[in-house]
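Structure first, commentary second.
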Amino acid sequence: MPPYDRLRHDDPPLRFPEPPPPPSPALLRRAERGWAKFLRRAEGSVRTGGAS
């Protein structure tokens, strides 16, 4: 093992970072509106991959 991969005795123990907080209700509403807008704009040009 290279020396930089070895843990030293004086190194603090490794910790996992805290998980991010859940998204706010306002952010979720904004994402829903953006997704709906995306679907409306794509209505005529979406290919479903059916028989050619």
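So here's what we get for this one:
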read-out: Pairs with Cβ under 6 Å, 6+ apart, first in the stretch 24-45 and polar (S, T, N, Q), second in a helix (DSSP H, G or I); value: none
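Quick grid of which residues meet (1) in contact with a Lys or Arg (Cβ under 7 Å, 6 or more places away or on another chain); (2) assigned to a loop (DSSP other than H, G, I, E, B); (3) open to solvent by 100 Å² or more (accessible area, probe 1.4 Å); (4) modelled with pLDDT of 70 or more:
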residue: Met1; (1), (2), (3), (4): no, yes, yes, no
residue: Leu7; (1), (2), (3), (4): no, yes, yes, no
residue: Asp11; (1), (2), (3), (4): no, yes, no, yes
residue: Pro20; (1), (2), (3), (4): no, yes, yes, yes
residue: Leu28; (1), (2), (3), (4): no, no, no, yes
residue: Gly34; (1), (2), (3), (4): no, no, no, yes
residue: Arg47; (1), (2), (3), (4): no, yes, yes, no
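The values are calculated or read from the model by the stated rules, or taken from the named source; none is laboratory data. Every value quoted in this text rests on a predicted model; they were computed, and no experiment measured them. A quick note on method: Cβ atoms are made from the backbone with ideal geometry, for glycine too, and the neighbour counts reach across all protein chains shown. When the accessible area is computed, the model is the full protein with side chains, heavy atoms only, and any ligands, DNA or RNA have been set aside. Shrake-Rupley method; radii C 1.70, N 1.55, O 1.52, S 1.80 Å.
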